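So the structure is just underneath, and the comments pick up after that.
The values are calculated or read from the model by the stated rules, or taken from the named source; none is laboratory data. Since we're looking at a predicted model, the values are computed, not measured. Virtual Cβ from ideal backbone geometry, glycine too; neighbours counted across all protein chains shown. Protein only, heavy atoms only, side chains kept; ligands, DNA and RNA dropped before computing areas. Shrake-Rupley method; radii C 1.70, N 1.55, O 1.52, S 1.80 Å.
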Amino acid sequence: MSLIIFLLVGLIAGALASYILGRQQDLLVNLLIGVIGAVVGGLLAGLLGLGASNIIGEIIIATVGAIICILVWQRMR
């Protein structure tokens, strides 16, 4: 996956995660959350034996990872 597509997936995932959890974030924060979520979601999906075969699957996995990151961050604060 190219860097631009990875960043777009991260931005979309971060925005979706923020929307689902009812948080309003800046564009840069959504990008950061989404990129970290994409890594976390990818690792968790790999451990569960799941994978994405298209861009929609990648966005779903990254969004789930971003939601997990936001919830963990909220618990730590």
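Overview of results
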{"quantity": "Matching residues in segment 5-37 - criterion: being more than 16 Å from N54 (Cα to Cα) and either touching a Leu at 6+ places or on another chain (Cβ under 8 Å) or of a type in the set (V, I, T) (or both)", "calculated": "L11, G14, I20, L21, L27, V29, N30, L31, I33, G34, V35, I36"}
{"quantity": "Residue selected from segment 4-20 under the condition open to solvent by 60 Å² or more (accessible area, probe 1.4 Å) and under 11 Å from I67 (Cα atoms), by the criterion nearest to the chain's Cα centre (by Cα)", "calculated": "L16"}
{"quantity": "G51 among the small types (G, A, S) and surrounded by fewer than 19 Cβ atoms within 10 Å (Cβ to Cβ)", "calculated": "yes"}
{"quantity": "Exclusive hit being touching a Gly at 6+ places or on another chain (Cβ under 6 Å), among the hydrophobic types (A, V, I, L, M, F, W, C) and in a helix (DSSP H, G or I), set L7, L11, L32", "calculated": "L11"}
